[in-house]
Amino acid sequence: MPLQKIYMNSSSNMLDIHRFYNLMQEEHVILSYQGKLDGELIDMLIQMTDHRLTFTGTRLRTKKKVINILVEALQNTYHYIIQATYTEPEESPLLKSPFLVLAEPPEYYAIFTGNFITNEQAKHLQERVRTVKGLSEDELQQYYIKSLNKDELPQQGGAGLGLADIIRRAKHDVNFDFQQIDETHTLFSLFIKVHKNESSPSQSLFSSLINPA
Amino acid sequence: MENIQINGTSKTPDVFFDAHTGKLEISGRSIPENSYQFYEPLLTWLDGYASTPQPETLLVFKLDYFNTSSSMYILGILKKLEKLYTSGNKSEVKWYYDADDEDMLQTGEDLKQIVKIPIDMVQINSEDV
């Protein structure tokens, strides 16, 4: 059942609330957020995640990977929002579109983030993603060091290092998706898995959304 | 020369740069959206320190988390110290990492590849802290 329908029916039928709860249970959702994003909200989302993972006794290395990836993914989104504030009206979908879902199936943490960007931005980003995603582990390491060791320090963001960092920390278990929504906007989304036990491959309901069989 | 002492927040690290002892320490979280704003004053301070450094300088990193833009400024700080080191001043870097934090170890190793100053990798166990 679509979430909107569940929500609309919920005032008249408590069973629908139960379905909503079951849906979150089935998808192992532990945190979700959608809407405007600023530095303070990012900070709160990070702190909530940190607390939750500490509270549930998540292994330190896994917790650190999840938090670091979340920081990079959300700050990457925020970077696009800052750009959009210069050109877009307050109600622009570019400003309101960011979302985050954090899920915890038994074997891994799933981080799902997305936001609208312009088609022009999507073109450049897609190119960069293709380059970084195609690198072997050794090549990615060299790319990372080369990108880190720039003479000029960035005054905004991480100068493109964020994507390489996410891929490296997640050991390549990252999917990027670009869906052109209309003649102006593209929905850019990221799906990242952080395995609790790195030797156990697994299937995800979320990944099937991005990579349908 | 005045010391730098900054208390950490949920996004920015504790900083204590002691011009009188030559011990410079950065610890905690470094995940600000704008790393330039936070780190630029530290880089400027290091330029001043380099003109009248202590006989020995020790730079200590004890970070829990850092974002990629911070990592570029961390490298910037290391490059300042590298200049001091290559011009003959005794300088040392200690990079602390948790035994269960492979990414923090990896970053330390990456930085070692880039700068010529010796970086001592110090393993800790957070359960013992």
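Brief remarks on what is shown
- Placing pseudo-labels 7 Å out from each Cα toward the beta carbon at A:Y21 and A:N197 gives an inter-label distance of 3.1 nm.
- Assigned charges on the beta-carbon of Lys, Arg, Asp, Glu; the protein assembly as shown dipole about Cα centre (debye): 320
- Length gained when the stretch B:F16-B:K94 is fully extended (0.36 nm per residue, less Cα-Cα span): 26.6 nm
- Among B:V115, B:V60, B:V93, the largest mean-square fluctuation in a Gaussian network model of chain B (Cα springs under 10 Å) belongs to B:V115.
- With Cα atoms as the point set, segment B:4-90 shows a radius of gyration and Dmax of 12.5, 37 Å.
- Projected label distance in nm at A:L31 and A:N149, using a 7 Å step from Cα toward the beta-carbon: 3.5
- 19 Å Cα-Cα threshold exceeded, pairs from A:K196/B:K94; A:K171/B:K79; B:K90/B:K112: A:K196/B:K94; A:K171/B:K79
- Placing pseudo-labels 7 Å out from each Cα toward the beta carbon at B:E2 and A:T85 gives an inter-label distance of 2.9 nm.
All of the numbers you see were taken from the coordinates with simple rules; none came from a lab. On a predicted model such as this, the values are computed, not experimentally measured, just so you know. Virtual Cβ from ideal backbone geometry, glycine too; neighbours counted across all protein chains shown.
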